[in-house]
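First comes the structure, then the notes that go with it.
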Amino acid sequence: MKHVPSDNLRAFVSVYDLQSYTQAGERLGRSQPAISLQIKRLEQLLNASLLERQGSRIRLTDAGRELYPLAQQMLNVNDQIIAQFTESSLTGDVRLGIPSEFASTLLPSILGQFASSYPQVALQVTSGLSRDLRLGASRGQFDVILTVAESAPDNAVLVKTDQLVWVSSHAESKVSAPLPLILAPEGCVYRRRALKMLDQQAYRIHYTNSDLAGISSAIRSGLGVSVLARSSVPMELAEIRHNQLPELGTINIYLERHGRPSEAAEKLMRYIEDALR
């Protein structure tokens, strides 16, 4: 009787989540060729192609989209079994703040795996603009925050440098003038970078929303284009390149520890740091 190896499923999920075979290998303690081989064997077992490249992005095929949520479920059950029958003394509450784009696209599987591995730790997750998360942390509202910034905040750990990209509903979307923009409110690093790089180019802000779901909905409705970190672009949107759109440069992603010392908070920080690098 055939069975689906959990290691192969974890390689598949990790490559898509991290958008990198190399980073998936580092996360799982395997080489990049070994990760590629695991996915190839999974595709042979299921007789279906699961991943494809579109420009710089790794996309799920139709079969990949069917498998992805099932793979997550199987891995979560696996991790729950290991956690239940493996003694773990880690307990406590951790208040985590993350930007909404990462809450929606990058971290759900990571946090799900952490929760499965450490079921006695209660996670309270809040999303918002990096500026607001830092303000909340200064007021004692968070134990750990993940933020984006152009320069390093005090006592922050750099976990990833990401490319800022223009996004639309389709990779072949036309660019009109004035450029219709969909952006987060004032205080957003992406907004500030986009307006700075557009400089004297004509644009109009058609829609403002601090939540990625609202921004994605507006983009899919054809209201305009937006700016996101490449690793956080949802699969229903596409990175676009056009000679009328300026290069946006990179952005840094930081982890910050706040509040009193906590073993659970330190473990969560290391978990996120290892997953994102």
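Quick look at the values:
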item	result
Candidates L96, L37 - the one that is open to solvent by 50 Å² or more (accessible area, probe 1.4 Å) and farther than 29 Å from I240 by Cα	L37
Top-ranked residue in the range 92-134 [being more than 21 Å from Y190 (Cβ to Cβ), part of a helix (DSSP H, G or I) and not aromatic (F, W, Y); ranked as modelled with the lowest pLDDT]	S109
Residue within the range 69-88 that is open to solvent by less than 70 Å² (accessible area, probe 1.4 Å) and farther than 23 Å from L111 by Cα present	no
Those strands (runs of 3 or more DSSP E) lying entirely in the range 150-245 with at least 3 residues farther than 30 Å from E256 by Cβ	203-208
Among (1) within 16 Å of E256 (Cα to Cα); (2) over 20 Å from the mean Cα position of the chain (by Cα); (3) crowded, with 17+ Cβ neighbours inside 10 Å - the single one L135 does not satisfy	(3)
Lone qualifier among L255, L198, L181 - being in contact with an Asp or Glu (Cβ under 9 Å, 6 or more places away or on another chain) and open to solvent by less than 60 Å² (accessible area, probe 1.4 Å)	L255
Selection status of V227, surrounded by 15 or more Cβ atoms within 10 Å (Cβ to Cβ), under 17 Å from R57 (Cβ atoms) and modelled with pLDDT under 90	no
Those residues of the range 46-91 which are charged (D, E, K, R), at pLDDT 85 or above and part of a helix (DSSP H, G or I), in sequence order	D62, R65, E66
Unmet criterion (only one of (1) at pLDDT 90 or above; (2) under 21 Å from R230 (Cβ atoms); (3) in a helix (DSSP H, G or I)) for T22	(1)
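The values are calculated or read from the model by the stated rules, or taken from the named source; none is laboratory data. Just so it is clear, the structure is predicted and the values come from calculations on it, not from any experiment. All Cβ positions, glycine included, derive from the backbone under ideal geometry; neighbour counts span all protein chains shown. Ligands, DNA and RNA are stripped out before the accessible areas are found, and what is left, the full protein with its side chains, is counted by its heavy atoms. Shrake-Rupley method; radii C 1.70, N 1.55, O 1.52, S 1.80 Å.
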